[in-house]
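Structure first, then comments.
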Amino acid sequence: MLQVISLLLENKPGALMRVTGLLSQRGYNIESLTVARTLDPEVSRMTIVVDVEAHQRQQVIKQMNKLINVLQATDLTETPAVVRELMLVRIRTAQESRTAVLKEAEIFGGRVVDSSTEGYAIEVTGDPEKLGEFVDVMGSYGEIEVTRSGALAIALEAKKLKLQPPVLTKAGAKLEEPVY
């Protein structure tokens, strides 16, 4: 079963290797992995989609939370969350099919990012199932080439993460809490 894991980790060399190493040592297949800095340049958010047996999901989260550089690992598999991917599709199609391709792209919320005499490059974002359907539809119009990003996920819960104490002024007043 696919598990969606969101991690906050220190933006330091070796952090990504530790996380992927933990998963590969246990024989888990990583389906997708995306990572980028947060608003704080010292912290990164990583989203991993990994194939894990349902009864082992909590164990994976516990093991990740013990890793050096990991600030917090959260399982978003069954919690309210938004999960999206980005896909670029290059479609080569006959001139008579081009209008239909544009209409299909519009239905899926895609937008043309490049156009040539041979066809289009279309950008589409959405949940992985929607993107799979888009590939099937575009494949019926001609030769396609597909590039997909890994999944990005964010919890819809209203709880605020508290990873470190707030910064205090000399007078003891709270300045602000870190934003991730």
Answer from 19, 83, 112 - the residue that is within 23 Å of residue 148 (Cα to Cα), touching a Ser or Thr at 6+ places or on another chain (Cβ under 9 Å) and either modelled with pLDDT under 95 or among the β-branched types (Val, Ile, Thr) (or both): 83
Selection count where residues are surrounded by 19 or more Cβ atoms within 10 Å (Cβ to Cβ) and touching a helix residue (DSSP H, G or I) at 6+ places or on another chain (Cβ under 9 Å), scope the range 1-31: 6
Complete set of residues in the range 91-101 that are touching a strand residue (DSSP E or B) at 6+ places or on another chain (Cβ under 7 Å), open to solvent by less than 70 Å² (accessible area, probe 1.4 Å) and at pLDDT 95 or above: 91, 101
Flag for residue 90 being farther than 22 Å from residue 13 by Cβ and either part of a strand (DSSP E or B) or in contact with a helix residue (DSSP H, G or I) (Cβ under 9 Å, 6 or more places away or on another chain) (or both): yes
Qualifying residue in the range 99-107 (condition: of a type in the set (S, T, N, Q), over 18 Å from residue 151 (Cα atoms) and touching a Leu at 6+ places or on another chain (Cβ under 7 Å)): no
Among the candidates 74, 79, residue that is under 18 Å from the mean Cα position of the chain (by Cα), under 30 Å from residue 42 (Cβ atoms) and in a strand (DSSP E or B): 74
Inter-residue pairs, beta-carbon under 7 Å, first under 14 Å from residue 40 (Cβ atoms) and in the range 1-19, second assigned to a helix (DSSP H, G or I), 6+ apart: 9/15
Selection status of residue 39, surrounded by 13 or more Cβ atoms within 10 Å (Cβ to Cβ) and either under 19 Å from residue 153 (Cβ atoms) or aliphatic (A, V, I, L, M) (or both): no
Failed criterion for residue 117 (all others in (1) in a strand (DSSP E or B); (2) closer than 30 Å to residue 140 by Cβ; (3) open to solvent by 40 Å² or more (accessible area, probe 1.4 Å) hold): (1)
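The values are calculated or read from the model by the stated rules, or taken from the named source; none is laboratory data. Note that the structure is a prediction, hence the values are computed from the model and not measured. Cβ: placed from backbone, ideal geometry, glycine included. Neighbour counts: every protein chain shown. We work out accessible area using only protein heavy atoms, side chains counted, and drop any ligands, DNA or RNA first. Shrake-Rupley method; radii C 1.70, N 1.55, O 1.52, S 1.80 Å.
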